[in-house]
1. Would you list, by chain and number, the aspartates and glutamates whose Cα falls below 12 Å from the Cα of Lys244, excluding same-chain residues fewer than 8 positions away?
2. Tell me which lysines have Cα within less than 25 Å of Lys8's Cα, excluding those fewer than 8 residues away on the same chain?
3. Compute the length gained on full extension between Phe255 and Glu49: take 0.36 nm times their separation in residues and subtract their Cα-Cα distance, giving the result in nm to one decimal.
4. Tell me the Rg and the Dmax, in Å, that the Cα atoms of the chain produce.
5. With all protein chains present, how much of the accessible area of the chain (probe radius 1.4 Å) comes from carbon and sulfur, to the nearest whole percent?
6. Given the Cα-Cα distance of Arg232 and Asp100 and 0.36 nm per residue of separation, how much length would full extension add, in nm?
7. Expressed in nm to one decimal, what extension gain is obtained for the pair Arg39 and Val198 from 0.36 nm per residue of sequence separation less their Cα-Cα distance?
8. Over the stretch 95-173, give the accessible area per residue in Å² for a 1.4 Å probe, as an integer.
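The values are calculated or read from the model by the stated rules, or taken from the named source; none is laboratory data. Keep in mind it's a predicted model, so treat the numbers as computed, not measured. Surface areas here come from the heavy atoms of the whole protein model, side chains and all, with no ligands, DNA or RNA. Shrake-Rupley method; radii C 1.70, N 1.55, O 1.52, S 1.80 Å.
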Amino acid sequence: MNFSVKEKWVLITGASSGFGAAAAVAFGAAGAKLLLGARRTDRLEKVAEEARRIGATEAHVHFLDVAKTESVQEFIGWAQGKTRSLHVLINNAGGALGLDTIAQGKDADWEAMIQSNVLGVLRMLRAALPLMPRDAGASIINLGSVAGHTAYEGGSAYCAAKAGELQITRALRLELFGTGIRVASVDPGLAETEFSLVRFKGDAAAAKKVYEGTNPLTAQDIAETLVWVATRPPHVNIDDLIIKPVDQAAIGKVFRRL
């Protein structure tokens, strides 16, 4: 039988927009109870409201910056005030900054990407693992990227960060062997969210050009995938799932209707 997330606690990082916000709504529609974290708490409140409207039995929000150990610890302490049993952890917080070559790279961008995509994932895993029940269908799902599988010019630090996320996921899968806790990496390709707007540091025209003439994935596509992964029968583990739009055969090979 499929695993039901109804009345189960789901924790989502980076839940103020994009995949995280869509995942909150999707898990809410499945009747889950939500613990949502992000830096933009004003947006979080709106996401929680929508999740409750569509079916979440509870949805709570709290400030979270995964780049800071103290923030992660405070967030998990807050979460423990709500529940001692966490059935789904979605490590979504992260992102890319810039498209500089290595020769032109900026320390601030490199450090921010490693902090959020790699160290942030490790911090959340370390802090949340004690809340996850053994042999009860619990799932840890890390948001990766096709960039973790294939390098591209201007993406050195981001590709390295997402490759790091993938290897963290694989190592954790081995470390949790025998616990019944499931561990997965969901790795999207071209998806139209605020990802490119953040990467291009607010340049809306540059961000729009990334998706021009294509039919990219949406945040809802990924959110539905996350719910699917978490609701497989308890004996089923989706180790790594790459999901791309039909218009993207590979990084750099994108069909455009121009």
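1. Within the straight-line limit of under 12 Å, Lys244 reaches these aspartates and glutamates: Asp187, Glu192, Asp221.
2. The qualifying lysines are Lys33, Lys46, Lys82.
3. Working: separation 206, 0.36 × 206 = 74.16 nm, distance 3.73 nm.
Here the segment from Phe255 to Glu49 would lengthen by 70.4 nm.
4. 17.4, 53
5. Working: 6550 of 11870 Å².
Whole-percent figure for carbon plus sulfur exposure: 55.
6. On the way: separation 132, 0.36 × 132 = 47.52 nm, distance 3.99 nm.
The Arg232-Asp100 span can extend by a further 43.5 nm.
7. 55.8 nm
8. Per-residue accessible area for the stretch 95-173 comes out at 42 Å².
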